[in-house]
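For reference, the structure discussed in these notes is given below.
Read the figures in this text as sums done on the coordinates, not as results from a lab. Remember, predicted model here, so these are calculated numbers, not experimental data. Cβ atoms come from the backbone with ideal geometry, glycine included; neighbour counts cover every protein chain shown.
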Amino acid sequence: MNDLELDRLFFQMVIIFLTGCMSAVALWKSPRLANCVSHGLAAGGCALMFYLAGTVLAGGEAVLIFIGRWLHAGEVALRIDPLAAFFLLLLSVVGGAASIYAIGYTADHYSRRYAILPVLFNLFLLSTVFVFASSHAGAFLIAWELMTLTSLLLVVYEHEHAANVRAGFIYVVMTYTGTAFLMAGFFIMAAAAGDLSFEKFIAVSLTQPQRDLVFLLAFIGFGTKAGIIPLHVWLPKAHPAAPSHVSAILSGVMLKTAIYGMARFYLEFLGVGPTWWGVMVIGFGIVSALLGVLYALMETDIKRLLAYSSLENLGVVLLGVGAGMVFSSAGKPLLAGLAWAAALFHAFNHGIFKALLFLAAGAVVQATGTRDLEALGGLIRRMPYTAAAFFVGALAISSLPPLNGFISEWLTLQSLFFLPQALTGVSGKIAGALLFIALAMTAALVAACFVKVFGIAFLARARSRKAETAKEAPFTMTLPMLGLAGACLYFGLQPHSMLQAISRVLQPYIGIDTRGLFEVDRIGLMIQANHAEGVLSVTLLAGLLLIGCLAAAGLYYLRGKAVRVTAPIWACGRAATPRNQYSATGFSGPVRWSFRYVLRSQRQRIVDENENIYVGRKLAYHQSIRYIVDEAIYYPVQRWILRQARFMKRLQAGSVQLYVGYVLVVTIVVLAWSGRK
Amino acid sequence: MNVLTVLLLFTAFLITRVSNLRLAIQILIVQSLGVAVACVWSGLGSELMHTYIAAMLTVVIKAGMIPYALFRVAARLRNETENKPILSPNQTSLAAALLLAVAYGLVDQALPGLGRDALAGALSGFLIGLLIMITRRQAVLQIVGLIMMENGIYLLGLSMTRGLPLIIELGVFFDVMVAVIVLGILTFRLKLSFMTTDTTVLQKLKG
Amino acid sequence: MFELILTALAIPFVCGLAVLAIRRPAAAAWFNLCGSLLTSATLFWIVRRFVAQGPFHQGGFMLDALNVLFLLIVAVLSLTAALYSIPYMAHELRDGHLTEKMIPRYFFLFQFFVLTMILTLVMENLGLLWVAVEATTLVSALLVAFSLNRSSLEAAWKYVMVCSVGIAMALLGTILLYYAQVQAGYTDVQPLGWFALSENAFLFNPALVKLSAMFILIGYGTKAGLAPMHTWLPDAHSQAPTPVSGLLSGALLSVAMYAIARNLAVFNLLPTVGQVAGQLLVGFGLLSIGIAVPFLLLQHDIKRLLAYSSVENIGLIALGFGLGSPLGLYGALLHLINNAIGKSALFYVSGELVQQYRTKQILRIRGVIRVMPVFGGMLLALVLAVSGLPPFGTFLSKLTIIQAMFHDGWWQGLLALLLLAAVFAGMIYYTLKLLFGEPPANLKPLRLSPAVTVAVGLSLLLLVSTGFYVPVWLDALLRAAVVIVGGGGR
């Protein structure tokens, strides 16, 4: 397919999204119609995007969509290269699922202001498309800010809850600040390149200190968007605040724009850097991964838990990115390719399964009216499809075969395994080895976390009346969830299709070689990177799993028939209530205790001892953890800024004489300054 | 010329010691008349007609209309005097002396080669006017300080370039006059609203 | 052309006097609007003619790309302010803040205020430019004090005092410039005339021009609200009647920046002076952005919040002027236009809120989005616009200025960006407080008068359109103005 048709396709997609906005505005009086038409169009736009991105990715060549002069900014180009196409593919899959899901999900939100929701949703998708497609710093920044703004408005859409508005505030201030760093990074390159177009940035010649500076600025800027610890504070607040179909895109795709940006900067603009770049990325990655999963494990709010788990996954992606950078600078292009491929694939997979989990959590929240795990339970019988979808998502995020999470996490582990080769010195080698262990531990903790969520929310008995009366979501919601679950399974069983596309994406960049990295063998995927050769056969694994399951079932049936006995549950002689069940807080207790120095957990019990002096009667129990990053950095900084502000405000004390005095002082100072030799 | 410079400086120092509003206005008249004489003086040597017009305008506006307007305002402010200035008269005089030194320093450094004393005198007149605005509470005294600044600037221009072109000069005079009228209205309104023209009560708006 | 300029000056003069004769407030307001419509139409016509014919100079007036840009600002803003004055004054009368007798006086001052601003812009002579700038101070001081209550008197007093001192500095600087001209031997040419200066200023004594530049920048900088001479600004802008606040923040500050730009064009003819003047402006600019931060982070008064945001934006513009590179100048001029439109509209919105909620306290204004949804949306959009976010023109102009900063090193640019982020934090914090939450129980959902909606909607439309597209003629004007300010002479 030639460029001409693709660019027409692109503009058709843009028009479809814009029509989605317009139609919602035009139909604002009948929300039901606005919902179906607008979200339907969004889904249609995503379908086109899927085709577009797939074509580019398969072709492996960049496609120029549009180029034109724009004010003083010079030539502005929209270009979809394989890297952008890869992320657009993710957006199309997640966005399409979320659009269809929204038709059922937002039917609950009908009100006078409803029309705003689909309008913003379409604009949000559109601006994200432009983030990936812009090949010019100015256009990129516009799209980037618009993406932030539309998502901010979606976060505060349910502004009746003060917490949502607060979350929106923190979100927008953090990202605005992050964007400031990005702008600085772009402009330093622009000053050297003389232009703002990405093409000029590729060959830009900077001094080493300037390159270091750009690296740091981009890391802070994109890191804020990616929510790496300690720049993450907005993420666990903002993601849960948005309506669930938006949360899915926020976590699934918008975080990945940061990975996209890092890939652009570190692969394309800056090229191979010194080792410490990669080491730094790895350091932040592992901290994010570990702390993220610990916080997720402690959480009882299902959506906030998922948001914290996003921190963990972005940490894992960063591990891959950092490892890739280390390998590049150590002159090991094949390993670099492996690490980058692992990072990109994990970013992709996380997008899919996290979106799936958010959508399923949204269905649960809508059915039960609560996000609190402690009030859920037993939903597997009342919401079987949602439960099935969530189960697949939970398996995928816990990186269990045969699902996609397993593949990318495994590849990341593989690349970390070779990290000591690229690091010099004893400490480097030890650190590399420890990293491997830390990642393995993270994976285990994730598994624990999702055992908790699935067990508490879907199994056992309902812990509240609302959970007892929950109903299955309509098919418009279950269908996209099951679709995403299918995607998890597909990329788990057939990873080579995507991995080979990723290797095509990575091949052109300096310091990376992906030729022959991933070959398909009869039994599965072959990985070949100098000394590291391996076979990863998911089909085999899946087959073994299947055999194991069949064997278990067979044994079960061979031993005899099951007998069903109905009897009350033994609860020390008292009638068993749902309150006797294991709780989410209780489940995470051992981990909380093990990591008490990091989590700084506190508990508060109010006990009335009058009734029974031996046992006591617990009246209230409150368990909380303290967030070390907030306490060590954000609160002191906030206090300091406000204290300084209060002090500075004395400048404007209200006295005319003082103000005239300022003018006099300024005059004298300026005269003295200008008179200096 | 030197006599006039001394007169200007003398009036400027005198105002630093005055707490009675009417007296300050009278001193201002003397100073403005001195400026007018200086204007004529500089015009004597040449055939420039416009210096005479400027001198006449100075007399009419700065020694006539403005003091008249100020007297009218002051007449309504019966019990207003500068009771506790922000710097006491002694301190203000000392500061004025300091500014005189600063003015000499500045002239020596930045504008060498002209009439040194005249320039320094004019500049210190400007600075002392500013000083009065900073250290006095009474609205009328602040206006007086402002006009002293204008006088200083005018003299400075006179001693450097024999005054600005007439059309600009006219504009400046017009502005000064309107400014005093506006300030007069405001002072009068201050008295009505706040029962005083002590401008240090104007500290409600801050932050 | 000359007649057109005279017409543009005569219309506000005549209307201002005529409006005094009208007794009925509503009639006076509509008459005022008609007058402003005529003035703006004339100004637009001037701009059109200019675009077609090019520079013009006759009888003390002149037009070049630089002042035509600012005429555009005055034309748009005087129109929206006149429009907004209609419902604003009616509401003030209904609430009993003003008496009927005061209304014609307001419109008289309004027209004369516009007159002085136009006068400032078309003056060819830098001395007369000074005279006109001082005149704007005096007329607007009476407007600031218009409601004659304690706080407005206080604000007006500070405004006149601080600005007069500042402006006196500018006069001193202008005299020094004249002296430099005389000293260089150009006594027979037009004294202080722009054309004379732009032709031979490069022959002046640099030391003298530098001294003059310092005084002029401090002087007009006071008028433009550059820190630390900005102290009068939040008082005056918050106490004036709101349509006038919009004009003060949008138009008058721009006019003061025009005075700076015009003088800067002379200084830039001498590279050494241009460099020092640029450094001073960059210093003032950074200081202005920085000083706005604490006051925006801790603020209780909605109009003061906007006033400090003006300080910040003017600081950004001063930065652009100070950089002196074509990119920086282009951004600064574009930002002037965008900021003028955005800030004035934001003031109109805030005025409407203050009238509906009967308080300026931010914490007492809650739930705007529930009481007036459309208006709340406009408020949010405008706050984002003045904070420099897309899809508004301010984003592009801000970006351009910042980009220009990175040409001479990175730390200043990064500092400005971080300060802007802090400013944004304050603005958005209070905006979210205004928009959301529970509105007071006694407040019913309100209908807005169409005049407000039109005035604000028009501004928003302009801002969004400049966010994506700058018309060819405007781009040409900006480029020509950049050459003028950059020291390219005529």
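A few points about this structure:
- Nearest-0.05 FRET efficiency for C:ALA26 and B:ILE167, computed from C-beta distance (R0 51 Å): 0.80
- Proximal lysines to A:LYS452, defined as alpha-carbon separation beneath 18 angstrom and excluding residues fewer than eight positions away on the same chain: A:LYS303, A:LYS354
- The C-alpha atoms of the range B:2-201 occupy a region whose extents along the principal axes are 51, 33, 23 Å, arranged from largest to smallest.
- Reachable lysines, given that their alpha-carbon falls under 20 Å from the alpha-carbon of C:LYS360 and they are not under 8 places away in the same chain: A:LYS649, B:LYS204, B:LYS206, C:LYS303, C:LYS343, C:LYS433, C:LYS444
- Taking the inverse of the mean reciprocal distance over all distinct Cα pairs, the Kirkwood hydrodynamic radius of the range A:184-329 comes to 15.8 Å.
- For C:THR137, the shell of other residues with beta-carbons less than 11 Å away shows a net charge of -1, using +1 for Lys and Arg and -1 for Asp and Glu.
- In nm, spacing of pseudo-spin labels at A:LEU216 and A:ARG603 (7 Å Cα→C-beta vector): 4.4 nm
- Length released on extending from A:ALA58 to A:GLU631, taking residue separation times 0.36 nm less the Cα-Cα span: 201.5 nm
- Here the Debye sum runs over all C-alpha atoms of the range A:332-551 as equal scatterers in vacuum, and log10 of I(q)/I(0) at q = 0.08, 0.10 Å⁻¹ comes out as -0.35, -0.53.
- Over the C-alpha atoms of the range A:628-675, the Rg to Rh ratio, Rh being the Kirkwood estimate, stands at 1.30.
- For chain A, taking Cα atoms only, Rg and Dmax work out to 26.8, 103 Å respectively.
- Between A:GLN528 and A:TRP276, the contour length at 0.36 nm per residue exceeds the Cα-Cα span by 88.1 nm.
- Cα lying deepest toward the dipole's positive end in chain C, options C:VAL273, C:VAL131, C:ALA81, charges on Cβ: C:ALA81
- Label-point separation in nm, C:GLN183 to A:GLU160, each point 7 Å along Cα→Cβ: 7.4 nm
- Sequence-ordered 3J(HN,Hα) estimates for the range C:398-410 from the Karplus curve with 6.51, -1.76 and 1.60 and θ = phi - 60° stand at 4, 4, 5, 4, 5, 4, 4, 5, 7, 6, 10, x, 9 Hz, glycine and proline given as x.
- Each eigenvalue of the Cα gyration tensor of the range C:2-488, multiplied by 5 and square-rooted, gives one semi-axis; in descending order these are 35, 26, 20 Å.
- Charge tally for C:SER85 (other residues, Cβ to Cβ under 14 Å; Lys, Arg +1; Asp, Glu -1): -1.
- The calculated FRET efficiency for the pair A:SER111 and C:ARG94, based on their C-beta separation and a Förster distance of 25 Å, comes to about 0.15.
- Estimated D of the range C:105-145 in µm² per second, where Rh is the Kirkwood radius over Cα pairs and Stokes-Einstein applies at 4 °C, 1.567 mPa s: 128 µm²/s
- Residues of the range B:109-153 with amide N under 18 Å of a point placed 7 Å along Cα→Cβ from B:ALA75: B:140
- Dipole check for the range A:332-551: with +1 at the C-beta of Lys and Arg, -1 at the C-beta of Asp and Glu, and the Cα centre as origin, the magnitude is about 600 Debye.
- A:ASP301 long-range amide H proximity, modeled H, under 5 Å: A:LEU373
- Full extension of the chain segment joining B:ASN20 with B:MET56 gains 10.1 nm, where the gain is 0.36 nm per residue of separation less the Cα-Cα distance.
- Computed from the alpha carbon positions, the gyration tensor of the range A:435-581 leads to an equivalent ellipsoid with semi-axes of 43, 22, 18 Å, biggest first.
- Alpha carbon centroid spacing (whole Å) that separates the range A:631-674 from the range A:418-453: 49 Å
- Restriction of the trypsin sites (Lys or Arg not before Pro) in the range C:387-458 to DSSP coil positions whose beta-carbon has at most 12 other beta-carbons within 10 angstrom yields C:ARG447.
- The sum of -39500 (n - 2.57) across all DSSP H runs of n ≥ 4, divided by the residue count of chain A, sets its helix-only mean residue ellipticity at 222 nm to -22000 deg cm²/dmol.
- Pairwise centroid distance, computed over Cα atoms, of the range A:191-215 with the range A:121-155, Å: 23 Å
- For A:LYS200, a cut-off of 17 angstrom between C-alpha atoms picks up these aspartates and glutamates, skipping any fewer than 8 places away in its own chain: A:GLU75, A:ASP81, A:GLU268.
- Between amide H atoms placed 1.01 Å from N, distances below 5 Å from A:LEU536 occur with A:LEU525, A:MET526, A:ILE527, all of them 5 or more places distant or on a separate chain.
- Based on the reciprocal of the average 1/r between different C-alpha atoms, the Kirkwood radius for the range C:393-446 equals 13.9 Å.
- Positive minus negative residues near A:GLU472 (Lys, Arg vs Asp, Glu; Cβ under 12 Å): +3
- Compactness of the protein assembly as shown is given as radius of gyration and Dmax, 36.0, 132 Å, from Cα positions.
- Placed amide H near A:VAL63: partners under 5 Å, 5+ positions off or other chain: A:ILE80, A:ASP81
- A:LEU305, C:LEU474, C:LEU270 arranged by Cβ crowding within 10 Å, fewest neighbours leading: C:LEU474, C:LEU270, A:LEU305
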